[in-house]
């Protein structure tokens, strides 16, 4: 059976996260249903394997998955067919036929996440689903300085939520940037690494925000990496500011990120 | 009693339009409730007078209204107090004390509307509430050429929906522009005039789109203005692409529009 890789965007607000769950509207659940309909509901049913989960309310600019289809179909036919059935909060961006041993999850070489913080005294009604709102001024230079402490291979135990799966907390962060988007009165945090654990990006973002407010010393991240204690990192920023921006596989250009779906830049 | 003018933005998706209606969530209804709470629910209740209606699903970047408050309160206190109670899809942008005879509706000298059309083959999940999606290519130069036929004082009977209030269909359009926002793969239509009737902007936008697709001759608007027949204009573009961008009063600078809330430019 031919194997396909799909790349897709979703607006996470109305999903109970990515992963299939009984009686819940999830991205994986919707896609599994549509792909099985396109294959005329074969037995056994087609299983969709995502690159990894995202939480309820988290968005994706370019999530990936693979599945085996029971018959040959041109990638463009799958692309158009699936999009014609997709609800308005999912868009299939690309479909490609891949090698029979391609694994959307295990072949990942890196992931890039974006976190959008809206500044301003009051909540902008057009951003409420797409940003976290933080009314207090942030010292972006301090935050950028602090973000460099995340770079490299570390034990991120201080930055993992309690519900995370057991296992090693060691991950590598290749890049971490904080920049001001003055035109939109936003601060954007971008993290690129070999993998991120449950709530890790939102906890790292929260620590950087506290540093930007002067509530933590600039190099507090060094200490947090040492102590390996989740209690020390305290806050988690909300889901609606978080975007899975790109999932990288061998041969992908790490400089290239998926910005098509951002109303920015 | 002091009279106040408020300027506010709203994301129209979850409102049954602007105007107060029994058993419906409307912008006027929500604001009236909050303003009365701030005034400690006086008898008789405070009435809020908007500059005019917007339909269900239509957004506002800067709608206006006035009301008489039973006691003196600094404008900034009203601004902060109201925003602290506002739901996330309304933001109060400004509060100003005005002359006792100021009328949010009757003093209007002009209104500016924006219509956002998203291009691209498939619907972008992050734009579904904020744009109309039109996958077919549009000839923006033709549309701009056609838009100039709208300029000036005309009888717009061909461009009024059936449900409009009776009365003169003569209005003046001061400016009408069509421009490509290449960075976001959108086409933006902007209309500035002395007033617009029920569905007028959405019908004008639909005619311009048909001209941009080559389905109507470039100067078909001249003919439509002559025939004064709604049936000839046919389509109405959907509500989610429409924004009330600014309401102008004597002394306002017509060059200045409200763009703070657009994730664009």
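The numbers here are math on the coordinates, done by the rules we state, and not lab data. What you see is a predicted model; the values in this text were computed from it and never measured. When we count neighbours, we look across all protein chains shown, and the Cβ atoms used for this are built from the backbone with ideal geometry, even at glycine.
Modelled label positions at residue B:21 and residue A:135, each set 7 Å beyond Cα in the direction of Cβ, lie 3.3 nm from each other. Helix B:75-85 axis versus longest C-alpha principal axis of chain B: approximately 80°, rounded to the nearest ten.
Specify whether the C-alpha gyration tensor of region B:92-179 places it in the rounded, prolate or oblate class, a ≥ b ≥ c being the square roots of the eigenvalues: rounded for a/c under 1.5, otherwise prolate if a/b is larger than b/c and oblate if not. Judged from the Cα gyration tensor, region B:92-179 comes out oblate (a/c at least 1.5, b/c at or above a/b).
Contour minus end-to-end for residue B:106 and residue B:75, with contour as 0.36 nm per residue of separation and end-to-end as the Cα-Cα distance? Display every interim value, and only then the final one.
Values: separation 31, 0.36 × 31 = 11.16 nm, distance 2.23 nm.
Taking 0.36 nm per residue and subtracting the Cα distance, the gain is 8.9 nm.
An oblate overall shape is assigned to region A:78-237, the ratio a/c of its alpha-carbon gyration tensor axes (a ≥ b ≥ c) being 1.5 or greater and a/b not exceeding b/c.
Do you know the relative contact order of region B:91-170, to the nearest whole percent, from alpha carbon pairs under 8 angstrom that are 6+ apart?
Values: 37 pairs, mean separation 14.4, N = 80.
Worked out over region B:91-170, it gives 18 percent.
The mean of 1/r over all pairs of different alpha-carbon atoms in region A:172-232, once inverted, gives a Kirkwood hydrodynamic radius of 12.8 Å.
Taken over region B:49-96, the ratio of Cα radius of gyration to 2.2 N^0.38 Å equals 1.25. Between region A:151-196 and region B:116-155, how far is it from one alpha carbon centroid to the other, in angstrom? Spelled out, the Cα-based centre of one part sits 39 Å from the other.
Label-point spacing for residue B:162 across the identical copies (point 7 Å from Cα in the Cβ direction), in nm and ascending order: 6.0.
Shielding value for A:91-102 is 1, the average number of Cβ atoms from other chains within 10 Å of each residue's Cβ. Label separation (residue A:151 vs residue A:85): 4.6 nm, computed from points 7 Å beyond Cα along the C-beta direction.
Work out the FRET efficiency for residue A:68 and residue B:37 from their Cβ-Cβ distance, taking R0 = 41 Å, and round it to the nearest 0.05. List each step's numbers first, then the result.
Values: r = 59 Å, r/R0 = 1.43.
Efficiency for this residue pair is about 0.10.
Relative contact order of region B:3-98, taken over Cα pairs closer than 8 Å and 6 or more residues apart, is 45 percent. The helix-only estimate of mean residue ellipticity at 222 nm for chain B, built from DSSP H runs of length n ≥ 4 each weighted as -39500 (n - 2.57), is -6000 deg cm²/dmol after division by the residue total. Global dimensions of region B:3-98 from alpha-carbon coordinates: Rg and Dmax equal 12.3, 35 Å. The C-alpha atoms of region A:160-265 occupy a region whose extents along the principal axes are 38, 35, 23 Å, arranged from largest to smallest. For the peptide B:11-24, the mean number of other protein chain Cβ atoms found within 10 angstrom of a residue's Cβ is 1. Extending 7 Å from the Cα toward the beta-carbon at both residue B:165 and residue A:45 defines two label points whose distance is 5.4 nm.
Taking all C-alpha pairs of the protein assembly as shown, those more than 47 Å from each other amount to 20 percent.
Per residue of B:120-132, other chain Cβ atoms within 10 Å of the residue Cβ number 6 on average.
Under 8 Å for C-alpha pairs, at least 6 residues apart: give me the relative contact order for region B:110-248, rounded to a whole percent. All intermediate terms of the calculation are to be shown ahead of the outcome.
Working: 290 pairs, mean separation 53.1, N = 139.
The normalised contact order for region B:110-248 reaches 38 percent.
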